[in-house]
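Scroll down for the structure; my scribbles are underneath it.
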Amino acid sequence: MKILITGSESMLARDLMPVLKENNEIIPLSKQEMDITQKDAVIKNIKRSAPDIVINCAAYTKVDTAEEERGKAFQVNGIGVQNIAIACAEMQIPLCHISTDYVFDGKKSKPYTPFDAPNPLNVYGESKLAGEKYIQWITNKFYIVRTSGLYGRGNNNFVITILRLAKEQSAVKVVTDQICSPTYTLNLSAGIKKLIESGSFGIYHIADDSGSGISWFDYAREIVSMAGIRAEIIPVTSEEFPRPAKRPAYSVLDTEITRLSVNYTPEKREVALKKFLSTAKRF
Ligand SMILES: NC(=O)c1ccc[n+]([C@@H]2O[C@H](COP(=O)([O-])OP(=O)(O)OC[C@H]3O[C@@H](n4cnc5c(N)ncnc54)[C@H](OP(=O)(O)O)[C@@H]3O)[C@@H](O)[C@H]2O)c1
């Protein structure tokens, strides 16, 4: 397949492209090469490249800043996605789009399935939900892939941040009351590959296997312990550690439908983390 990837400099795309490259032709487009908020440029670029599918990795991902930059978040995660969906619909090609666990309000205590109703608590989640809706209004050839707590190549993720803080400080405060399912971008990439080869359009959840979930606090402890770093991880509540954007208390993703539909079985979180730590050279 000829696969066009938007946001090709994102953390996810950096792992996704090598995974797809094995038996596909990749057309990577960075923000500089194609700003997804520019409708004419998006349509022109996608038509000129004539891909078999587009995978959208471009996004506004600054969860806290989004509270003050509502317009910018919606421009990229809503209108930008609308532009790509229009181009894909005109060309009658599928769109694979990446979304988030933050579309949910966290009121459940069991993992969220693709059939649960979204109800985002923050602007980032609202803007990502807008993108999901535009896709469903505009085209019927789509894979919407919701994922959670991504880590992979790059500096801007929880695992790298905890490792850095644990080395810089003797004690690191981490919240106990947000339960999630952290996911290695390399594993998400393998799941995306299976999905786009399936032709089974729909909304899917892909996350590493954390059972019924893990708190960021327990996960931070797991990270430093596995990395062999001596640092105290101090439990705090979200109230004691306020952030501009409210986060769902529980946003574990249920991946059962992905397994049933495309035979993607998620890797255990601990196995994925070990793999990541052994390949990451920076620490
Ligand atoms: N990271 C997570 O924990 C997480 C969790 C759940 C879901 N997701 C979703 O997974 C996807 C990938 O996330 P990620 O963490 O890999 O993202 P990322 O590293 O933050 O990368 C996003 C990319 O999109 C680019 N971008 C921003 N505005 C753009 C525009 N108008 N046109 C084209 N490109 C634009 C950014 O460029 P600049 O940096 O130059 O602005 C950046 O290269 C996103 O859809 C995200 O919402 C992420």
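Quick notes on this one:
- Restricting the range 141-150 to residues that are within 11 Å of the ligand (Cβ to nearest atom) and not in a strand (DSSP E or B), the residue that is farthest from residue 98 (Cα to Cα) is 149.
- Reported count of residues in the range 1-18, each being in a strand (DSSP E or B) and over 17 Å from the mean Cα position of the chain (by Cα), is 3.
- Taken across the range 274-282, residues that are touching a Cys at 6+ places or on another chain (Cβ under 7 Å), on the phi < 0 side of the Ramachandran plot and not in a helix (DSSP H, G or I) do not occur at all.
- Residue check, residue 242 loosely packed, with under 13 Cβ neighbours inside 10 Å and not small (Gly, Ala, Ser): yes
- All of (1) over 30 Å from residue 70 (Cα atoms); (2) without any contact (Cβ under 8 Å) to a residue 12 or more places away in the chain hold for residue 233 with one exception: (2).
- The listed residues are 182, 242, and the only one of them that is under 22 Å from residue 161 (Cα atoms), at pLDDT 95 or above and not charged (D, E, K, R) turns out to be 182.
- Selection from the range 136-165 of residues that are under 23 Å from residue 245 (Cβ atoms) and of a type in the set (Val, Ile, Thr): 144, 145, 147, 159, 160, 161, 162
- Test for residue 234: is it surrounded by 15 or more Cβ atoms within 10 Å (Cβ to Cβ) and hydrophobic (A, V, I, L, M, F, W, C): no
- Of the helices (runs of 4 or more DSSP H) that lie entirely inside the range 151-243, those containing 2 or more residues that are in contact with a strand residue (DSSP E or B) (Cβ under 9 Å, 6 or more places away or on another chain) and away from the ligand (no atom under 16 Å from the Cβ) span 158-168, 216-227.
- Scope the range 136-156; condition closer than 23 Å to residue 65 by Cα and buried (at least 18 other Cβ atoms within 10 Å of the Cβ); matching residues: 146, 147, 148, 149, 150, 151, 152, 153
- Test: residue in the range 122-135 that is within 15 Å of the ligand (Cβ to nearest atom), assigned to a loop (DSSP other than H, G, I, E, B), of a type outside the set (A, V, I, L, M, F, W, C) and surrounded by fewer than 22 Cβ atoms within 10 Å (Cβ to Cβ): yes
- Here the range 92-113 is the region considered, the condition is being modelled with pLDDT of 95 or more and either small (Gly, Ala, Ser) or surrounded by fewer than 18 Cβ atoms within 10 Å (Cβ to Cβ) (or both), and the residue that is nearest to residue 43 (Cα to Cα) is 92.
The values are calculated or read from the model by the stated rules, or taken from the named source; none is laboratory data. Predicted model only: the values in this text are computed from it and were never measured. Cβ sites come from the backbone with ideal geometry, for glycine too, and all protein chains shown count toward neighbours.
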